[in-house]
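Engineer: Structure in structure tokens, see below.
Nothing in this text is a laboratory measurement; each read-out follows from the coordinates by a stated rule. These figures come from a predicted structure and were not determined experimentally. Every residue, glycine as well, gets a Cβ built from its backbone with ideal geometry; the counts of neighbours run over all protein chains shown.
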Amino acid sequence: MKRATQSTETPQVGRSVPRLESWLKVSGRAEYVHNLRLPGMLYGKIFRSSVAHGRIKRLDVAAAQALAGVYRVVTSKEVREVIPDPYYGPAFHDQPILAIDKVRYVGEPVAVVLASDPHVAEEAVHLITAEYEELPAVYDEVEAVTSKAIVHEVLRPAGTFPDLKHLKDRKNTNVALEFRLRRGNPEKAFQDAHRVFEHRFSTQQVMHTPLEPLVSVAESTESSLTIHTASQSPSFVRIEIARLLGWPENKVRVRVPFLGGGFGAKLYIKLEALVSVLSLITKKPVKISLTMEEQFFTITKHASTFRIKSGVSKDGKITARECEVWWNGGAYADIGPRVTQKSGFTAPGPYDIEHVAVDSYALYTNLPPAGALRGFGIPQLVWAYEGHTDLMARELGIDPIEFRRRNLLREGRPQATGTVMKDAALEKVLERLETLMDWRTPLNRGTGTVKKGRGIAIGFKACVSPTTSLAAVNVNADGSCIVYCSTADMGQGSDTAMAQIAGEVLHMAAEAITVVHSDTDVTPYDMATLGSRSLFHMGNAVKLAAEDALNKLNVLRKELGLPADCPIPDIFKKKYGMQAGNVSGTGSYIPSYKSPDANGLTDNATPFWMVGASGVELEVDTETGKVGLTRLVNVADVGTPINPKIVETQISGAAIMQLGFTLHEKMVFDSQGQLRNASFAEYKIPGMLDLPASMVNEAVVAEQKSGPFGGKGVGESGTFGVSPAIANAIHDAVGVRLTSLPLNPESIWEKLK
Amino acid sequence: MSPFELAAPSSIAEAIALLEEEGARPLSGGTALMLMMKAGVLRPPRLVSLRNLGLGKIETGGSLRIGAMTTLSALERSPEVRNGWPVIVRTLRRLSNVRVRNVATVGGALAHADPHMDLPPLLSALGARVKLVGKGGERTIPVEALYAGYLETTLRNELITHVEIPPLGKRGAAYLKCTTRSADDWPAVGVAVVLGDDTRIFVSAATDRPTRIAGEAAIAGLKIEGDLHGSAEYKKHLVRVYLRRAIDEARNAVH
């Protein structure tokens, strides 16, 4: 393999090291589960529910079973012979491996056909018939609170993650969790306010659309199981599968090679429990690869409704804020309760507000499940609070940047929870955006049917806490180095970043370091690759492990009477008489954390803050309502960039993804809960021609003091400001305010005519 | 996708015979057909490839004669087409994407009869005719006469073998479409205009087939239904706006 060995004199951190896996990827040799074929392997194809809510009265698989080439058809009956209680989930044990008695959304897996030819399996799926007794269904997140249609009669908390320990057993409600925050005396503050503003915003259900659809393979013996899976959370998969089977963790091995994108779709259990049980039933390897379209029925992003109210003083200071947020979690909670809580406490936005009330509700509905998608709910919140901020600035006659600056949280000031802001470059990001947007120069307003406008928005996020990462670093007898960690490289460049961190400690070129991919038999525990947590948490663990190895090498040098600059190979030669042995360093990292009290308050909510802001210049065609972006500027605080080039592409990638969620993408359901656009001819993600003519992506000069070499997460920050900045710019251009996503031309035209 | 037999005949007669089997479908570029098969909308037991029928030539001699199996990118890159019918090249540049244009064919683009496609209204406005061959012989009809409705043609177990486009000369021509989601979306509205003594205007996408109108006054009479691209009212409005813009562009078109 062509891999240049860089001079070790170059600092590793802060250098735009080309991605370590680039050669493998462009030459088609990178390992993906999608390409894995095992001897004797069966392919599974899923038969899905055609109703949104109903009791399964009859399931007829005889014709499918009889089709030539079909190995076996499996329903929940067979699943329960292997796993009597086959319900899983990171927040609640609410999701059955295959539907039991009831179906809760259109597209829910009901049965699986297994065959050695996937086309035969698919053909047989068409021969399965089911009859349902339809039940009343609920689709809207606000209606779900009071609806008589109950998605789950009983709810059982999972109790897996420390931040979700407070979830309760519940009966006959669609409310999975309500998060409540009270600070100061909002009621009185509203009475005393000079002006009070209230708005309501909503967002739509969308999908992750990773280039590689979800795929898992399981192979088994009577007492052990190996799962090859495109997963962002191998350690969770092992623990959850072991729990379902009642096995010890060391009997379940989870391997994750490269992922073709994840964005939150490949977290927790997706296909892993299903292929595991199918492999145990058939005693053969089983693979399920979803089609792109099946992903619409697997995991999505929460639709949401947000009511926001603010009291403002005479001098333009926001004194009180009330937030009520409803999250449409679909039929299974997945990680929705974390979205509700972790996002909930930042719902008031990055502003210094003395009196705050937040109520955030996780709701069940009869739609495909929603989970994490590049931002864990933050983009939905920023959409609302930054639209609200702009509307207030407009009403008050204050420049939108000036109004934000007047109210922004300063370093050292407490955020709504009471946690003090630290290493959050909010002011700097806003200032840099103002400069890059050339905000003080008036904008050319356009002529004829083309009107121009501009807008900005700023958002922030608290990293999920508390979470754990462990890493190991092995230095071989020739001085070469291997990093072991369970962070999944799904395109974000984590392999390269971890190699740079280890290389910085050990004075080695990142290019010469090998990073071993997640294999739970080999790589140590990691909570998951999610929420922009890996560079900070795993980066700290890798740094500690490398320092541990370095320390052990120094101890050896001393013991052997070698000089401090003795090359590593010479240490091992002296110790073992030949090129033999190795030194292993380990590191584990968990930040400190304090759970919120009954009022949602804590002085230690998060280990670090992420800041992202966007500015937009655009044109609106006043005859058609069509919007064209001419400029998109994204500025973020990522601490010290470990790899500046990767940081830049992460910011732009996140912003472009959010551009699709802002202008085009929407899962459209009919009144029966059927998805009307489950194809990419009708669900449109942005293409090259949709990109702004000019785009700037910048990380401000900043440092996260608790992060590895000053770094912190970057995967989501580029999403925060895009949607509200566009809506604010449309308002600026044509005086029309849209409050629901996506911002399609017809809705603009409706208001213009 | 369900299993199927793939036949690749080398004569048109053979192809027509192979297509007699119940459910058999002709295969040209396959860009639309494969999606329909993957979605389970079509489950043909046999596909008959038209690849070996020698229908891939572009010939000029006053009019433009295009073999049905000519790919859209071959058409896009043809110097003759660029010189004589530049509106076709302008249209193709924004037809789907380069990957689709490299395999999709002119005949397929006409026979699919999806009203959202760009070539049917444009070729109709250009006065193009298609040559059809069936068991009983051949006939030639105007492009617009191919369409009976949404995804429905007037073909009677026939294959399109050629498209013949009369000379455009110095007449101004334009095709404009309006997408309401991403730029590469199927259009909500398409309008093709060829100016001249007999000005030809065709509306598509908003209607269930390419539909000729005399002018703006005729828009009110168009049958337009709402869908995921927009409501009926909005699409009707877009037809008006795009008709005016297409006429302007045709007037200013540079040869």
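Engineer: Among the lysines, which have Cα under 18 Å from the Cα of A:Lys461 when same-chain residues fewer than 8 positions away are ignored?
Structural biologist: Hits, sequence-local ones excluded: A:Lys301, A:Lys342, A:Lys422, A:Lys428, A:Lys594, A:Lys705, A:Lys712.
Engineer: Would you mind checking which residues have amide H under 5 Å from A:Ala488's amide H? H placed 1.01 Å from N; only 5 or more apart, or other chain.
Structural biologist: Excluding prolines and chain starts, which carry no amide H, the hits are A:Thr529.
Engineer: Once label points are set 7 Å from the Cα along Cα→Cβ at both A:Glu559 and A:Ala580, what is their separation, rounded to one decimal in nm?
Structural biologist: About 1.5 nm, to one decimal.
Engineer: Average partner chain C-beta neighbours within 10 Å, per residue of A:658-665?
Structural biologist: 2
Engineer: DSSP beta bridges in the stretch A:175-277, what fraction antiparallel, as a percent rounded to 5?
Structural biologist: Rounded to the nearest five, the antiparallel share is 55 percent.
Engineer: Right, next: Based on DSSP H runs of at least 4 residues, each adding -39500 (n - 2.57), what is the mean residue ellipticity at 222 nm of chain A after dividing by all its residues, to the nearest 500 deg cm²/dmol?
Structural biologist: Rounded to the nearest 500, it is -7500 deg cm²/dmol.
Engineer: Using the Karplus curve 6.51 cos²θ - 1.76 cosθ + 1.60 with θ = phi - 60°, work out ³J(HN,Hα) for each residue of the stretch A:312-322 in order, rounded to whole Hz, and write x for Gly and Pro.
Structural biologist: Result, ordered by residue: 10, 7, 4, 8, x, 9, 7, 9, 9, 8, 10 Hz.
Engineer: I would also like to ask the following. Tell me, B:Thr153, B:Thr105 in order of fewest to most beta-carbon neighbours within 10 Å?
Structural biologist: B:Thr153, B:Thr105
Engineer: Per residue of A:689-695, count partner chain C-beta atoms within 10 Å of its C-beta, then hand back the mean as an integer.
Structural biologist: Mean partner-chain Cβ count within 10 Å for A:689-695: 2.
Engineer: In addition: Quick check for me: using +1 on Lys/Arg Cβ and -1 on Asp/Glu Cβ, what's the dipole size of the protein assembly as shown about its Cα centre, in debye to the nearest 20?
Structural biologist: That gives a dipole near 800 debye.
Engineer: Let me ask something additional. Where in chain B lies the longest segment free of GluC sites (Glu not before Pro) that are both loop residues by DSSP (not H, G, I, E, B) and have at most 15 other Cβ atoms within 10 Å?
Structural biologist: In short, B:23-224.
Engineer: Does the stretch B:1-100 come out rounded, prolate or oblate, given a ≥ b ≥ c as the square roots of the eigenvalues of its C-alpha gyration tensor, rounded meaning a/c under 1.5 and, failing that, prolate meaning a/b above b/c?
Structural biologist: Oblate is the answer for the stretch B:1-100, as a/c is 1.5 or above yet b/c matches or exceeds a/b.
Engineer: Using the Cα atoms as the points, what is the convex hull volume per residue of chain B in Å³?
Structural biologist: Convex hull of Cα atoms, per residue: 124 Å³.
Engineer: Then there is this: Taking the alpha-carbon distance from A:Lys188 and a cut-off under 18 Å, which lysines remain once sequence neighbours fewer than 8 residues away in the same chain are dropped?
Structural biologist: A:Lys309, A:Lys314, A:Lys317
Engineer: A further question on this structure: Simple spin-label model, 7 Å along Cα-to-Cβ: A:Ser679 to A:Lys165 in nm?
Structural biologist: 5.1 nm
Engineer: Lys and Arg at +1, Asp and Glu at -1: add these up for the other residues within a Cβ distance under 13 Å of B:Gly137 and post the number.
Structural biologist: In short, +2.
Engineer: Moving on to the next point. Please arrange A:Thr467, A:Thr622, A:Thr389 by how many other C-beta atoms lie within 10 Å of their C-beta, fewest to most.
Structural biologist: With the sparsest Cβ surroundings first, the list reads A:Thr622, A:Thr467, A:Thr389.
Engineer: Kindly provide the helix-only [θ] at 222 nm of chain B, computed as the sum of -39,500 (n - 2.57) over DSSP H runs of four or more divided by all residues, to the nearest 500 deg cm²/dmol?
Structural biologist: Calculated at 222 nm, the ellipticity per residue is -8000 deg cm²/dmol.
Engineer: So what is the orientation-averaged projected area of the stretch B:173-252, using the convex hull of its C-alpha atoms, in nm²?
Structural biologist: Average projection, Cα convex hull of the stretch B:173-252: 5.0 nm².
Engineer: Separate question: List, largest first, the extents of the alpha carbons of the protein assembly as shown along their principal axes, each in whole Å.
Structural biologist: 94, 73, 64
Engineer: What average count of beta carbons from other chains do you get within 10 Å of the Cβ of residues in B:237-243?
Structural biologist: For peptide B:237-243, the averaged partner shielding equals 3.
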